[in-house]
1. Report yes if residue 21 is part of a helix (DSSP H, G or I), in contact (Cβ under 8 Å) with a residue 60 or more places away in the chain and under 20 Å from residue 223 (Cα atoms), otherwise no.
2. Among 51, 43, 58, which is assigned to a strand (DSSP E or B) and touching a helix residue (DSSP H, G or I) at 6+ places or on another chain (Cβ under 8 Å)?
3. Quick check, is residue 103 under 24 Å from the mean Cα position of the chain (by Cα), part of a loop (DSSP other than H, G, I, E, B), modelled with pLDDT of 95 or more and surrounded by 14 or more Cβ atoms within 10 Å (Cβ to Cβ)?
4. Can you tell me how many residues within segment 131-189 are without any contact (Cβ under 8 Å) to a residue 24 or more places away in the chain, farther than 26 Å from residue 202 by Cβ and not in a helix (DSSP H, G or I)?
5. Identify, please: which residue in segment 160-190 is farther than 25 Å from residue 26 by Cβ and in contact with a helix residue (DSSP H, G or I) (Cβ under 7 Å, 6 or more places away or on another chain) and is, among those, surrounded by the fewest Cβ atoms within 10 Å (Cβ to Cβ)?
6. Cβ contacts < 6 Å: first residue within 19 Å of residue 28 (Cα to Cα), restricted to segment 40-69; second residue modelled with pLDDT of 95 or more and surrounded by fewer than 15 Cβ atoms within 10 Å (Cβ to Cβ), any location; separation 6+ or different chain. Result?
7. Do any helices (runs of 4 or more DSSP H) entirely within segment 265-360 hold 3 or more residues that are within 17 Å of the chain's Cα centre (by Cα), at pLDDT 95 or above and under 30 Å from residue 245 (Cα atoms), and if so, which?
8. Within segment 336-386, track down each residue that is more than 28 Å from residue 449 (Cα to Cα) and without any contact (Cβ under 8 Å) to a residue 12 or more places away in the chain.
């Protein structure tokens with residue numbers, strides 16, 4: 001059985017093909033997905049097929065009973081909204097001229113969903129509460145559903161190529177030396193819950209931007225699938241923000257009580273270590289936005305597949321970008337309409353900056369001599385003009401051979417060991433691991449408590 005709101009029963013050949021793929025997907029899930037707690041009843045949301053009002057229902061089921069469904073939401077417009085085909089009717093089938101663009105985009109979108117499932121293999125062993133364990137399963141199951149959403153399009157619209165790409169999704173593996181995931185960020189594992197929360201806060205927010213970019217795609221099936229996926233994405237982001245808020249409450253509270261930032265001995269995560277995790281994960285996620293002067297991004301816009309949010313606000317503005325020149329970069333000024341990835345990345349940085357500013361205001365009110373920061377876009381990049389160039393967190397070139405401050409910026413092996421050491425699995429009802437607070441706690445709450 002494949003739950004759906006796409007009329008799958010009326011397309012018998014596609015239904016049979018998806019049912020065959022379902023068996024292969026379940027085999028992959030058993031091998032690469034969560035291996036424990038599959039028969040423990042949990043409170044999970046599942047789509048109800050509606051695209052108006054409440055689109056899901058909350059049920060008490062075992063994760064092993066979850067059925068990955070195929071759901072779409074109607075397009076907002078009947079005509080193409082941007083590019084050279086603006087004003088023409090949306091495409092219900094794949095135009096031959098744009099076949100390769102669409103195939104590549106959809107295979108990558110599906111691949112990142114499977115990668116998201118594979119990254120956190122160790123998290124079950126150190127779940128800080130049953131609430132967080134429940135949230136983890138919600139996230140993993142919906143990543144799987146998003147993969148299904150793209151596989152549905154691959155199999156229905158791309159024939160043999162779609163079948164080949166769907167099968168390849170199950171063969172690639174996060175971090176595999178010979179057959180890794182397509183995007184580099186999805187080959188880094190989230191081996192502790194601080195990494196997991198950072199990933200949800202940062203990478204799933206990038207996912208929101210990537211989905212938003214195709215909700216007005218000229219290819220209507222992609223737009224409809226992406227619109228429904230966007231219903232699910234905000235919860236994942238909020239899981240990350242809430243998890244970090246709860247972690248920061250405990251860390252700041254113990255820092256104030258002990259008078260020291262070194263609070264591992266109090267079984268909590270030091271604020272400077274949390275900053276190191278920000279420094280580690282932000283560059284990996286910025287890489288996902290691609291190159292500023294990307295011909296592919298510009299072509300995808302022109303043919304009507306992908307566009308930044310609120311492009312009309314930015315397209316005539318001037319953006320200063322980096323351009324590689326030998327082993328350095330030079331800055332050039334370019335019109336926004338020619339650097340679409342830069343627009344999306346700038347919007348993204350501004351958005352995460354608002355969250356970090358909120359944390360910093362609370363830290364200042366608590367009179368803690370510490371402020372979080374976002375590392376410069378040049379720091380520790382694996383793509384773009386600054387790829388593997390030695391820039392520091394402030395965007396300055398480091399002297400040749402100078403790596404003295406790397407351990408100040410990125411987590412050390414000792415940091416990782418200490419973080420993992422305090423992450424003890426805690427699953428008793430309404431109990432939480434020592435390093436994290438219950439739901440609803442945050443730096444803001446700590447400020448209010450100190451005022452009382």
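The values are calculated or read from the model by the stated rules, or taken from the named source; none is laboratory data. Note that the structure is a prediction, hence the values are computed from the model and not measured. Here Cβ is always computed from backbone atoms with ideal geometry, including for glycine, and neighbour counts include all displayed protein chains.
1. In short, no.
2. After ruling out the rest, the residue left standing is 43.
3. Spelling it out, it is not the case that residue 103 is under 24 Å from the mean Cα position of the chain (by Cα), part of a loop (DSSP other than H, G, I, E, B), modelled with pLDDT of 95 or more and surrounded by 14 or more Cβ atoms within 10 Å (Cβ to Cβ).
4. Here the count works out to 1.
5. This residue is 184.
6. Within 6 Å, the pairs are 62/39; 62/41; 64/39.
7. 271-286
8. Correct list: 350 only.
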